Amino acid sequence: MRIKIRRTFLTLCLVILAFLLQGCWDVKDIDNRLLVTAIGIEQAPDNKIRIWTRFPIPQSPQSSSSGPGKDFFTTNQLGNTVVEAFDSLRLKLPKYLDMSGTRTIFLDQRLAEKGFLPYLEFTIRDRMLPLDTVVALVSGDMEPIFTKPNPSGELSGVYTKLFFERYAGGTAQKNMVPLWGLFSGYFNPLEENLVPLLISDPVTLFKLKGNAFFQGDRMIGMLTPEETLIYEIVTNQMTPFEIETAQEMNVKILESEATIHTRMKNNKPVIRIQAKLTMTLMDSAHGITIKPDKLEASINRLLENRAVKIFEQTQKKKSDIFKLGNHFRGKVPASQFNRWPELYQHATIEFKLDSRLKNTGLQLMRKPFINPPKEG
């Protein structure tokens with residue numbers, strides 16, 4: 001009797017558990033998905049929004065052996081809002097629109113100057129896009145970026161991600177910005193965003209025009225790629241391959257370390273930045289000789305003057321792209337954090353650079369022979 005009761009009890013438990021278990025009722029097979037790898041959002045006439053999407057086309061070994069084919073296709077859709085445009089696009093597609101593999105979001109510069117929040121807020125609310133999706137601005141027509149094939153042969157979307165990756169083709173001047181970093185800078189009152197600005201190129205898919213800096217969610221200015229080097233030095237994000245030219249000589253920056261000291265004086269921020277660079281000689285103009293210490297001094301002056309210009313430019317626009325406000329946590333009351341743009345505008349900033357040249361090579365140490373006389 002006890003055995004029957006026990007069996008009945010176990011059977012009842014299994015039946016209850018079977019009802020509680022969640023099945024894969026909403027699974028979508030990979031063959032029924034369209035994987036978005038790149039998204040473009042641009043301004044269209046009549047105050048509308050146009051979205052661009054790019055999908056890879058899987059190819060079997062048999063199809064690839066028959067000859068080269070197009071490995072992607074592109075769609076675009078108009079709408080009053082980004083969400084409405086995506087909804088209209090879904091009506092035209094035969095498969096599920098899957099944005100979980102998106103590598104890059106391109107945003108029209110004109111929309112960024114208005115404020116990126118109305119056009120990118122869906123990425124956070126929808127929770128479909130990866131948080132490490134790269135964000136970049138585009139100046140000019142966006143169509144060539146989505147309709148041209150990738151010049152180096154990578155799958156659609158991979159090319160754009162590799163363009164920014166430090167281990168691949170990326171450099172400090174490109175300033176890679178993930179989606180989570182964009183919103184982190186927006187919601188933190190003690191810093192502002194610096195986002196790469198691209199322009200289409202007839203040979204490569206696109207090229208770097210500069211890096212746009214923001215106040216809140218609005219683009220208000222741009223740094224050139226050379227000026228962005230100062231941002232990388234101050235924020236300690238330098239990559240170990242940056243070339244600078246001084247005295248007609250090219251040097252490669254191997255290491256960079258910046259130390260930031262901050263204090264409040266008469267209710268105004270005082271910021272002192274001491275940066276150290278380690279460099280090596282890469283190339284020099286023929287017939288030119290210069291002592292290492294003079295070349296170091298020349299690099300110091302070049303970058304210090306560039307830093308002064310950039311600090312003046314960003315302070316005038318109240319845009320702390322260097323994230324210096326984070327160094328004043330504990331020195332400024334939390335209730336005053338929203339005043340940081342005004343405090344940054346009137347801050348005293350001192351930037352000093354100490355460059356050290358190593359592995360100089362023989363060309364730097366001796367004067368080369370130029371058309372030596374022939375022996376008689």
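The values are calculated or read from the model by the stated rules, or taken from the named source; none is laboratory data. Remember, predicted model here, so these are calculated numbers, not experimental data. Methodologically, a virtual Cβ is constructed for each residue, glycine included, from the backbone with ideal geometry; neighbour enumeration extends over all protein chains shown. Accessible surface is based on the protein model in full, side chains and every heavy atom, while ligands, DNA and RNA are left aside. Shrake-Rupley method; radii C 1.70, N 1.55, O 1.52, S 1.80 Å.
For this structure, a couple of remarks:
- Number of residues in the range 114-137 that are under 21 Å from residue 218 (Cα atoms) and of a type in the set (D, E, K, R) equals 3.
- Candidate set: the range 101-128, residues that are in contact (Cβ under 8 Å) with a residue 60 or more places away in the chain and assigned to a loop (DSSP other than H, G, I, E, B); chosen: the one nearest to residue 176 (Cα to Cα): 103
- Annotation for the range 198-206: no member residue is within 16 Å of residue 314 (Cβ to Cβ) and either modelled with pLDDT of 95 or more or out of contact with any Lys or Arg (no Cβ under 8 Å at 6 or more places or on another chain) (or both).
- Residue count for the range 313-352 satisfying the condition of being in a helix (DSSP H, G or I), within 14 Å of residue 269 (Cα to Cα) and either of a type in the set (Gly, Ala, Ser) or open to solvent by 40 Å² or more (accessible area, probe 1.4 Å) (or both): 7.
- Near pairs, Cβ below 7 angstrom, 6+ apart or cross-chain, from the range 69-94 (free of Cβ contacts under 8 Å to residues at least 40 places away in the same chain) to any residue that is open to solvent by 40 Å² or more (accessible area, probe 1.4 Å) and small (Gly, Ala, Ser): 69/63
- Of the strands (runs of 3 or more DSSP E) lying entirely inside the range 180-229, not one is found with 3 or more residues being among the polar types (S, T, N, Q) and over 23 Å from residue 336 (Cα atoms).
- Whether a residue is charged (D, E, K, R) and modelled with pLDDT under 95 was assessed, and residue 248 passes this test.
- Filtered by the rule that a residue be buried (at least 16 other Cβ atoms within 10 Å of the Cβ) and under 15 Å from residue 346 (Cα atoms), the range 292-312 gives 310, 311.
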